[in-house]
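Shown next, in structure tokens, is the structure this report addresses.
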Amino acid sequence: MLERSAEIDDLAGRIFLAEHFCSRTIQAPEPGEPVGEVRIWMELNDFDQAPLAHTAGTQVVLRSALQGVSPDRCVAEVAMATPEWHWLEGTAPMHQALAALAQRQWLLVHSGSTLVGILTRHDLASPVVSAYLLARLLGLEQGLRRLYGSFSHQPLSDAPGLPGEPGGWSLATLLNHVAPLTTLREALGFESRKSFDRATGGLVTLRNHLAHGRSILTLSSHPAEAVERIDGLEQLMGRVRRLLDDREHVWDAFSATEIVGLDDPGQAWAGTGAAALPLPAPVHVITAQNPHERVLEADVNRERHRLLHRYLQMRAPDAQSIEVLGRSCSGPWAEASWAISGLQLAEALVIAQRFEQRAIFELTEADVLVIGVDGTERRRIARRR
């Protein structure tokens, strides 16, 4: 379920913290140590910086500052105050820590006045970072599948099926389908297919590396490149999430829905060739299938359709109901529904919400209203088109 995926994606950012992947083995030179010795062990360990002992990180020694300094001088004489922008709270969420690393090559991680560890771009090899990135990639894939289904009017489950099954697209196949879908690609902020391919070209390789226990640093010749990759992934994930939350395209898809008889598709209730309503207006059309555009198996949808009918019979025994089909006029998306007459709008909305739907249709002799379960009228179009 995408909603649960979104929760996991959010939890990944809040559970994985800066203190979880910083280097906790802190080697700090004593204030009285000679510059020459400190320079050697910093070069030996490839340290660019080290906190001065007994200062809780408020003083730091930079290897670059030791160049040209007499090797006999005390290192405390060339230490500097740690700039405040190089401090990071240990409880900072992962995305904040990664954003800070995009701006700074090193950070001192603290908890209150206690120095917890040092964070550098080399720490991107941590398994914690890999787990976080894998969660982000899984959330991205499911989000793109949901968006593709909405924009193309082609049902696509949140999770890929097995090879050969309907919707069994790999991530690479999914990206190849999204790229030429101009409406979705542009909604994601890419004017051309070339720019989309450039932004997503390394996602499949990254996902495969992480799944096989390798880190993002195995894809980059320099940690700075890894930081850029992560930043690009975060930006794309943000666009997908905003588009999922916006959902204006979903309301457009609702308004383009044709409603026909389930057993007699030639009997049009709304759309091309619609005739007089077979039931007294207003008629409310409710489905139980594919809640919030989450594509379910056919047998699950059939059972939900049956249970909705039983629920309607118990909750509104005096209402008239007929089976109908809501289908896209530009794609294969179709859902069995119930058209009900004699049901108050407020009651119809409660039922739709109970069955996890985003909206219902209200049919009058003249119009089709798309009404969100919050009672907001989202679209109004002519019933006869």
Note on region 363-375: residues closer than 19 Å to residue 342 by Cβ and open to solvent by less than 30 Å² (accessible area, probe 1.4 Å) are 363, 368, 369, 371
Test: residue in region 122-141 that is open to solvent by 50 Å² or more (accessible area, probe 1.4 Å) and of a type in the set (Lys, Arg): no
Could you list all residues from region 66-99 that are within 26 Å of residue 224 (Cα to Cα) and free of Cβ contacts under 8 Å to residues at least 40 places away in the same chain? 66, 67, 80, 81, 82, 83, 84, 85, 86, 87
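Can you confirm whether residue 96 is under 16 Å from residue 21 (Cβ atoms) and polar (S, T, N, Q)?
Considered against the rule, which asks whether it is under 16 Å from residue 21 (Cβ atoms) and polar (S, T, N, Q), residue 96 comes out as yes.
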Among helices (runs of 4 or more DSSP H) entirely within region 161-252, at least 2 residues that are more than 30 Å from residue 126 (Cα to Cα) and among the polar types (S, T, N, Q) occur in 182-187
Restricting attention to region 306-350, which residues are in contact with a Phe, Trp or Tyr (Cβ under 9 Å, 6 or more places away or on another chain), open to solvent by 20 Å² or more (accessible area, probe 1.4 Å) and of a type outside the set (Ser, Thr, Tyr)? 307, 309, 322, 323, 327
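Would you mind stating whether residue 384 is basic (Lys, Arg), within 27 Å of residue 266 (Cα to Cα) and open to solvent by 40 Å² or more (accessible area, probe 1.4 Å)?
Criteria met by residue 384.
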Given (1) of a type outside the set (S, T, N, Q); (2) within 23 Å of residue 366 (Cα to Cα); (3) within 27 Å of the chain's Cα centre (by Cα), residue 265 misses just (3)
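Each row is one residue, and each column tells you yes or no for (1) touching a residue at least 12 places away in the same chain (Cβ under 8 Å); (2) closer than 22 Å to residue 250 by Cβ; (3) among the aliphatic types (A, V, I, L, M).
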position	(1), (2), (3)
290	yes, yes, no
341	yes, no, no
353	yes, yes, no
363	yes, yes, yes
375	yes, yes, no
381	yes, yes, yes
Hey, can you tell me all the residues within region 238-273 that are of a type in the set (A, V, I, L, M) and either on the phi > 0 side of the Ramachandran plot or open to solvent by less than 10 Å² (accessible area, probe 1.4 Å) (or both)? 240, 250, 259, 260, 270
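The values are calculated or read from the model by the stated rules, or taken from the named source; none is laboratory data. Values in this document were obtained by computation on a predicted structure and should not be read as measured data. Counting neighbours? That spans all protein chains shown, and the Cβs are built from the backbone with ideal geometry, glycine included. We work out accessible area using only protein heavy atoms, side chains counted, and drop any ligands, DNA or RNA first. Shrake-Rupley method; radii C 1.70, N 1.55, O 1.52, S 1.80 Å.
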